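What follows is one structure encoded as structure tokens, with my remarks underneath.
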Amino acid sequence: MNGDMNDIPSRGRRKALGRMGATVLSFPVLPAVPALAASAANIVAVRVWPASDYTRVTIESDRQLAAKSFMAANPDRLVIDIDGLELNAGLKELLGKVKPDDPFIAGVRVGQNQPRVVRIVLDLKQTVAPQVFTIEPVAAYQNRLVLDLYPTRERDPLLDLVRGKEAAETAAAQSVNDALGELIGRIDRPLTAASSAEQAASAAATPSRPASATAIAKIDTPPPPAPPLKEVAPEMSQTKLDRLIVIAIDPGHGGEDPGAIGPSGLREKDVVLAIGKKLRDRLNTNPRIRVMMTRDADFFVPLNERVRKARRVQADLFVSIHADAFITPKARGASVFALSTSGASSTNARWMADKENAADVIGGVNTKVVKDAGVLRAMLDMSTSAQIKDSLKLGGEVLGQIGKLAKLHKGSVEQAGFAVLKAPDVPSILVETAFISNPEEEARLRDPDYQDDLVKALATGIARYFAKNPPLAARHRAL
């Protein structure tokens, strides 16, 4: 019938409806199909997390998505076909979320490849080893489809440390050379009446020097600094590495895992990254120290990967930085934790470890690639009493310094089975800087001056530990 049903007279309408009913009843009865199955999934959010380690793209939806992917060459690109999806505004947001400085993605194209199949094409800046997987709903997230783009060749963290040391030495030499050049220029410059008076006043105020001092200053000027390091000779690299003290700084959470969130919205992952960067910069002013950060931007790093990074550079220390939350805003105070292989030292320590160990679930680990439970169990079995003993010494020094600055939640180093502390050969501590759930402590954590004071306390505690427990003099780090 092409016309409107209301145009049919009442008696005719009843006959027509009767015929329609008979027709419907003559078909076999099919099982009921839920209404949702016929509709496409809804996109809740699209997020991009670029980093030098890898770039992550997350598509969050109200139902689990099924995706197939393949790599294409000339030019390099990753193609992902997502089933049960219609092209909509949520997916189109992805086009504007890839920034020009993304290390891996040059551009994005999105189109309706087939009915209910959306094709996403990621144009790449380099060849990648992609991982495509799904994550079931957890915490504040619904279903997630994750695209992780890893470089085919991982960066060498030891080489990065050597280059960082070379750059610092070159900058220091240049600074000294500039100062000497300015001094020599002043000596060689013809004296004006004003400068003559200034020099006479200076001579009267300071003891006389041998006449040859000026000549020595000219002759002993150091040679110009070497050009920036491009490639490191193995023998030179190894010598420099053996002299280095390497400290791993681990800002907790990141990327998909925000960590705890304060009453005004301050996120743990942001504040601990800021503190971690400041601590890195302070420690790196010592020419014998280089800092390796497990993350230096807002991206997710699995717990076992944080441990692996520290072990790859044979770190002398591992310091994980956090800002805790509790169910009541009254909880306050800083804490320091070390690993325990025989149970937690308190109920609070056990609760804290369980919460921090859940970071992988929230952040999103590809369980098909990383068997975290087995890896972490193996690491725990390898952990030695000597490592834990040194961790407690380090924790005691750091806690003592923080106690001069802020209230302590507990006056001694606590212990529990924190997954991130399970490097068997690296003294490791986890510092809960404050309770971000406490409004007063959240305000302090937001304050850059307080962050500076906290960094000073951490650096002083680390220095005091090394003064009493010198690192191995000839620790061999193979490049």
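Before moving on, here are some points about what is shown:
- Any hit, segment 426-441, residues being in a loop (DSSP other than H, G, I, E, B), open to solvent by less than 40 Å² (accessible area, probe 1.4 Å) and over 20 Å from residue 271 (Cα atoms): yes
- Residue within segment 105-117 that is open to solvent by less than 60 Å² (accessible area, probe 1.4 Å) and outside any strand (DSSP E or B) present: no
- Any hit, segment 456-477, residues being open to solvent by 30 Å² or more (accessible area, probe 1.4 Å), within 23 Å of the chain's Cα centre (by Cα) and modelled with pLDDT of 95 or more: yes
- The set of residues in segment 358-406 being aliphatic (A, V, I, L, M), in a loop (DSSP other than H, G, I, E, B), crowded, with 18+ Cβ neighbours inside 10 Å and modelled with pLDDT of 90 or more consists of 406 alone.
- Residue in segment 251-260 that is out of contact with any Gly (no Cβ under 6 Å at 6 or more places or on another chain), under 14 Å from residue 459 (Cα atoms), in contact (Cβ under 8 Å) with a residue 12 or more places away in the chain and crowded, with 19+ Cβ neighbours inside 10 Å present: no
- Selection of first residues in segment 100-114 that are at pLDDT below 95 and of second residues that are open to solvent by 40 Å² or more (accessible area, probe 1.4 Å) and part of a strand (DSSP E or B), restricted to Cβ pairs under 7 Å at least 6 apart or on distinct chains, gives the following pairs, ordered by first then second residue: 111/119; 113/119.
- Of all the listed residues (332, 350), the sole one being charged (D, E, K, R), more than 22 Å from the chain's Cα centre (by Cα) and at pLDDT below 90 is 350.
- Selection within segment 328-344: residues that are β-branched (Val, Ile, Thr) and assigned to a loop (DSSP other than H, G, I, E, B). The member of this set that is surrounded by the most Cβ atoms within 10 Å (Cβ to Cβ) is 341.
- Residues being surrounded by fewer than 16 Cβ atoms within 10 Å (Cβ to Cβ) and outside any loop (DSSP other than H, G, I, E, B) - total across segment 133-149: 1
Yes or no, residue by residue, for (1) of a type in the set (S, T, N, Q); (2) at pLDDT below 95; (3) surrounded by fewer than 13 Cβ atoms within 10 Å (Cβ to Cβ); (4) over 29 Å from the mean Cα position of the chain (by Cα):
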position: 22; (1), (2), (3), (4): no, yes, yes, yes
position: 25; (1), (2), (3), (4): no, yes, yes, yes
position: 38; (1), (2), (3), (4): no, yes, yes, yes
position: 45; (1), (2), (3), (4): no, yes, no, no
position: 58; (1), (2), (3), (4): yes, no, no, no
position: 63; (1), (2), (3), (4): no, yes, no, no
position: 80; (1), (2), (3), (4): no, no, no, no
position: 84; (1), (2), (3), (4): no, yes, no, yes
position: 92; (1), (2), (3), (4): no, yes, no, no
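- Any hit, segment 306-327, residues being more than 20 Å from residue 362 (Cα to Cα), touching a Pro at 6+ places or on another chain (Cβ under 8 Å), of a type in the set (Phe, Trp, Tyr) and buried (at least 24 other Cβ atoms within 10 Å of the Cβ): yes
- Test: residue in segment 345-353 that is part of a loop (DSSP other than H, G, I, E, B), surrounded by 21 or more Cβ atoms within 10 Å (Cβ to Cβ) and not hydrophobic (A, V, I, L, M, F, W, C): no
The values are calculated or read from the model by the stated rules, or taken from the named source; none is laboratory data. Note that the coordinates shown come from a computational prediction; the quantities given were computed from them, not determined experimentally. Glycine also receives a Cβ, built like all others from the backbone with ideal geometry; neighbour counts cover every protein chain displayed. These accessible areas exclude ligands, DNA and RNA; they are computed on the full protein's heavy atoms, side chains included. Shrake-Rupley method; radii C 1.70, N 1.55, O 1.52, S 1.80 Å.
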